[in-house]
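*Asks:* A single structure is presented below for examination.
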Amino acid sequence: MGLRLIFLGPQGSGKGTQASRLARLMGVPHISTGEMLRQAVADGTELGKKADAIMQAGDLVPDDLVVAMVGERLGQEDASCGYILDGFPRNVSQAEALDAVLATPLDGLVQLDVPNQELMQRMLLRAEQEGRADDTEEGISRRLEIYWQETAPLSDYYRGSGRTVYIVDGYGSIDDVFARVALALAVD
Ligand code: ADP
């Protein structure tokens, strides 16, 4: 079982929750580009200033900025034995950039599948609970549109280049889904 994983799944699939739980279990960092970018916005860094309006609209922050941010993060000491990437790569060009910078190849991809209707319900609930700036109806539908157009094809990209894609049914409670993730990866 490898420690260098990507989590793939649409908004509301529970990807962040599952990625963070698995990272804790395995003792590797959970690297969420969405969280890093929200932190950059909150801190008012140069990157944050560039990303703020783009994120609110639900669009993708330019690849060069995100690739540089992730490259730097992966170079930190705590990521030397593994990591779980969440929210990156988000399109094929980011995936190619990632392959180009990695010294040790990825072990695989965990893909969380959730029915569309359930996704919407979860997103609306999160919008109420967390009040994130991009969790408006327009922001959510823009992000889902980009997901299906640009991000979902990564499953074929990785499968086509010989990487293992673990497909996990993401419907059900957090514990149930996590049990499936652990089973798929053969960790407990
Ligand atoms: P969600 O999964 O709900 O879309 P994220 O926290 O993953 O939330 O991302 C929030 C926003 O951050 C995205 O809509 C996008 O603007 C930006 N973002 C996150 N990761 C990337 C990435 N890899 N490339 C470009 N933009 C990104």
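*Asks:* In angstroms, what radius of gyration and Dmax does the range 1-102 have, counting Cα atoms only?
*Replies:* Looking at the range 1-102, its Cα Rg and Dmax stand at 13.3, 39 Å.
*Asks:* If you filter the range 118-150 for trypsin sites (Lys or Arg not before Pro), then keep DSSP loop positions with at most 15 other Cβ within 10 Å, what is left?
*Replies:* Values: sites: ARG122, ARG126, ARG132, ARG142, ARG143; in loops: ARG132.
Passing both the DSSP loop test and the Cβ count: ARG132.
*Asks:* Convex hull over the Cα atoms of the chain, averaged projected area in nm²? Kindly include the intermediate steps, with their values, before the conclusion.
*Replies:* Values: hull surface 40.1 nm².
One quarter of the hull surface, i.e. the mean projection, equals 10.0 nm².
*Asks:* Count the net charge of all other residues whose Cβ sits under 14 Å from the Cβ of THR104, scoring Lys and Arg as +1 and Asp and Glu as -1. The partial results should precede the final answer.
*Replies:* Values: positive: ARG4, ARG163; negative: ASP99, ASP107.
Once positives and negatives cancel, what remains is 0.
*Asks:* Before anything else, pin down the relative contact order of the chain: Cα pairs under 8 Å, at least 6 apart, normalised by residue count, whole percent.
*Replies:* Working: 260 pairs, mean separation 64.5, N = 188.
Here the relative contact order equals 34 percent.
*Asks:* When a/c is below 1.5 the answer is rounded, else prolate if a/b is larger than b/c, else oblate, so apply that to the range 122-184 with a ≥ b ≥ c taken from the square roots of the Cα gyration tensor eigenvalues. Write out the running numbers ahead of the final one.
*Replies:* Values: a/c = 3.70, a/b = 1.32, b/c = 2.80.
Here the range 122-184 falls in the oblate category.
*Asks:* As a test of the formula, what do you get for the chain when each DSSP H run with n ≥ 4 contributes -39,500 (n - 2.57) and the sum is divided by the residue count, at 222 nm and rounded to the nearest 500 deg cm²/dmol?
*Replies:* Details: 9 runs with 101 residues, N = 188.
For the chain, the value works out to -16500 deg cm²/dmol.
All of the numbers you see were taken from the coordinates with simple rules; none came from a lab. Not measured: the values here are computed from a predicted model. Quick reminder, even Gly has a Cβ in these numbers, built from the backbone with ideal geometry, and neighbours come from all protein chains shown.
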